[in-house]
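Here is the structure we will look at, set down as C-alpha cells.
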C-alpha cells in the first residue's frame, strides 16, 4: 500500500518517550443561567503510544465534553481547568492559534455523524486536501495525490473517482471512511474517535472497527475512543475508563474491567448491556406458548396452511412503494413479504437501515399506503381502506416510535398526549379521562404529577414510557414497536425493556418488535424475521435464526454484532474474518 | 426583533446537561415515593399559557398600556351613539386659547381647557387625537385579525394537504402579491367614492395583506407535517382538522403571533399612507396617520400637533409588540425554566 512508501515521519517521537496524552484533574463547567454547572470533574487518564483507550459512559456522563475540552472545542460558555499534556505540551489554556495547529495535525478527530461532519457543498477530496494544505507546505496537486492515497488507505472503493464526488453520493460507511481519511491525513499521534460507529449499521460498524484496528497497527497512533457501546469497547480497546456524572468511576485494562469490575456502577452497566446469545445460552425458554395457529410454524417462507385461529397480524405478499416524484422513479421499499403474528406473540423484525423494517411497521398501523398484497389485523384487511373506514380499526393496533422526543407533540402536556386516543375513540372527557390517564401513568411507572409536564422536561427513558402508555391506552391487540429503545442509554434501555416485557405478559398483546439490535430482539421475541433490502431473508423461531441461520446474510449480521466481552469478541472476529474470506458476499 | 426560529429544539450543551441530570432521575423511578403519587390536577394548555403570560413582565405592561389607551380613546369622546366624558367635540372649532398650546400641566395636575392644545382652526386636539386613536385601533386590529385568520387558514391548508390544494392556494397567493396595493386601493376608492368608514378600510387592508403570513405558515406546516408526532396522531385516528388545529398549529403559534403583531403595527402606518394619498380615512373623519400627515408642516410652529398622534402610534405599536413577545414565550413550553 501507498503508505508504506512514505518517508518516515520525523515528528514522531521514539516509542519509549512517555505517554502521548496525559490528562490530570481535568474539569469542565458550563455557565447556564448565570450558574456554573459541572460537566466533568477530576478526570485523569494517560494514553501511551500505540494504545487504544476507551472512555465509556452514558449520555451526560461527560465523556465527549472532556475530550472536546482538551482540544478547546467547547462553546464560549464553558471553562476547562486541570492539565492535559500532549507529548509534554500543555493544551489547557493554550492560545487558540496553538490549539489550531494541534488539531488536525497532531490530533485527528472522527465524529459520530459523518453526514453532518462533512460539508455537503464541498467534494470529499477537497475536504481532505484542505486539511493537508492548511497544515503542510505542499502544492494542491500533491495534496490531491496524497488525498487519493489516503482514500486507498481507508479502503474506499474507486479512490480517484471518489475524490470529486460529494458526501451525499456516498453511503454512511463510506462517509465515515472519508472522515477517517481526514483525521489521519497529517499522521496524527492521537486519534480521537467520538462515537465513530453509532450512526452505522452493524455490518458497516464491524468494517469500520476493522479499519480502525488495521490503521492503528499500521500508523501506530494512539486512539482515544469515546463510546457508549460496550461491544465496540470490547472489540477495539486496550484500556477502559468508565465515567458517570462527570467523574471517572473506574479505569483499568480491558480484560480486568470486563471480567472483574470493581465498582458497582461498572457491574450494573455491564449487566444492562444485552449480550447476544446469552438468553439462549441460559436455556431460558420463552414463557409464552405460541398460539395453536403458529405452533407448527416451519422456517419456510411459503404461505402456511390457513390457521384455525385468526392471527393478530397477517401480511401476505406485501409490497410497499414510495411513489415517484418528478424524475425520481418509484422506490420499492418492501417487496413481497409475508408473515403472521399469533395473538400474544412477539415477533422480532431485524434488518439494517434501508431494509424496509420501519416501512412495514408504518404500513401496519395505516400510516403508509399499501401498493399490493394484504395487511390483516385480527382478520380485517386494512389495505386500501379510506381514512374514514380505517378510523374504527385504529383502536386495534398502536405504534411506539423510535425517537420519543420527536413522536410527542412538544406543545402538549404528557397527560394530553396519553389521553388523546381516549379522547378521540372513547370520547372521554374531563374527570373520566383524567382517571384513565392516571391509570396509564401508573402502568408505566410514572408519577401522576408528570401529566402536566411537557416532553422536554422528561428524560429519554421517561418519554419512551409516555410513548408506551399512549400506545397502550386503547388496549390494542397488536403493538408495533419501532426500535423503541435504540435512542436510549443502555441502563435506561434495560429498564424500558423490562417494563415492556412486564406489560406484554400482563396484557397479552401481540407485538411486532422492530430492531436492528439482535441482542434486544433475542430478549423479547419468540420468533425472528430477518429483512434484507425489502425482502424477507429468513423467518423462524429465535433459536433457529440466531443459532442455526440458514441464509448467509443472517450469518453475516450475527457475526457483525459486537459482544461485550473482549475474549469472545476476539474469537467472533476471527470467525467473521474466516467467513468473509471464504467468499461470503461483500459489503453493499 | 423576535427570533422566528426559536421553536426548534437545539441540542446545546445546556440541554445535554439537563438531560444528564434527568437520566439519573429515570434510574430512581422504580423507588418513586407513594407520596409523589398524590393526585395532581390536570392542567390544560390554555391555563398554562395564561399563567406564563401573566409572569411575563414586559408583556403585562404592554397589555396594561394597550388596555389603558383603548379605554381612554373610547370612553373620552364616546363611541357611536354612546357619549363620552370629554366635553368637546373634535369637529367644532373653538376660539384659540394661548395660541393653541397644550394646557396640560403635570404639576400641579390639571387638564386645563385644551390639554393637548388646539389645531390651527381651533379644534380641540385631545378630542381629535382620541378620535384618531379610535379609528387607528379599529383599523389595526381589523387588519391583524382578518389578515391573520385568512393567512393562517390558507397557509395551513396549503402546507398540510399538499397536492392541488397547495397549487391553487399558493398561485392565488402569488397573484395577490403581484397586485400593487395602492393601485387597488385607488380603484376601489374611486368607484365607491372613497373607502368610507374605517371598517371597510380595515377589512380591505386585511384582505390584501395576508400573503406574507400564508407563505410563512405554509413553510412551517410543510416541515411540521413530516414530524413523527403528527404520524403518532394520525396513527391513533385523529382527523385532519384535529391534526391541523390541535397538533401542528400550536407549534407554529410563535411565528403567527410575531407576524400578526408586526402586521398590526404596520397596518397603522399603511393606513396613514393611504389616508395621505386620499384613499384612506376621509376628512372630517380622522385617524392618527391622517393627523400626522395633515399637520406635518406645522412641526416648527405647533409641534404638539405632531407629537401627540406620534406618541400614540408609538405607544400602541410598542404595546402590541410586547404582548406578541409575551404570547410567543407563553406558547413555547421550552421557555419555562421552572419545573412544574
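What follows is calculated from the coordinates using simple rules that are stated; it is not laboratory data. Small disclaimer: the values here were computed from a predicted structure and weren't measured. Neighbour counts are summed over all protein chains in view; Cβ atoms, including those assigned to glycine, are modelled from backbone coordinates with ideal geometry.
Structure notes:
- Compared with the dominant principal axis of the Cα atoms in chain A, helix A:202-219 is inclined by about 10°.
- Percentage of interatomic Cα-Cα distances in the range B:50-335 larger than 22 Å: 64
- Grouping the Cα pair distances of the range A:416-516 into 5 Å bins from zero gives a pair-distance distribution of 2, 12, 24, 24, 21, 12, 3, 1, 0 percent in increasing distance order.
- Relative contact order (%) - criterion: Cα under 8 Å, at least six apart; region: chain A: 15
- The alpha-carbon atoms of the range A:171-289, seen along their principal axes, cover 56, 35, 25 angstrom, with the largest extent given first.
- When each of the peptides A:124-133, A:363-372, A:211-220 is scored by the mean number of other C-beta atoms lying within 10 Å of its residues, the order from highest to lowest reads A:124-133, A:363-372, A:211-220.
- Residue mean of other protein chain beta carbons inside 10 Å, A:524-531: 0
- Quotient of Cα Rg and 2.2 N^0.38 Å for the range B:222-276, N being how many residues it contains: 1.70
- If you plug the beta carbon distance of residue B:174 and residue B:226 into 1/(1 + (r/R0)^6) with R0 = 22 Å, you get a FRET efficiency near 0.40.
- The fraction of Cα-Cα pairs per 10 angstrom bin, counted from 0 for the range A:446-588, comes to 9, 33, 32, 17, 8, 1 percent, rounded to whole percents.
- Over chain A, dividing the summed -39,500 (n - 2.57) contributions of all DSSP H runs of at least 4 residues by the number of residues returns a 222 nm mean residue ellipticity of -10500 deg cm²/dmol.
- Residue B:311-residue A:115 FRET efficiency (beta carbon distance; Förster radius 56 Å; 0.05 resolution): 0.55
- Each label point was placed 7 Å from the Cα along the Cα-to-Cβ direction; for residue A:319 and residue A:73 their separation is 4.7 nm.
- If you plug the beta carbon distance of residue A:445 and residue A:486 into 1/(1 + (r/R0)^6) with R0 = 22 Å, you get a FRET efficiency near 0.60.
- Crossing angle, helix A:460-472 versus chain A [Cα axis fit, 0-90 degrees, rounded to tens]: 20
- In plain terms, the C-alpha convex hull of the protein assembly as shown casts an average shadow of 48.1 nm² when viewed from every direction.
- Per-residue average of Cβ from other chains inside 10 Å of A:416-425: 4
- In nm, spacing of pseudo-spin labels at residue A:533 and residue B:277 (7 Å Cα→C-beta vector): 6.4
- Rh (Kirkwood; distinct C-alpha pairs) - the range A:22-272, Å: 18.7
- Helix A:430-443 vs. chain A, principal-axis angle (Cα, 0 to 90°, nearest 10): 60
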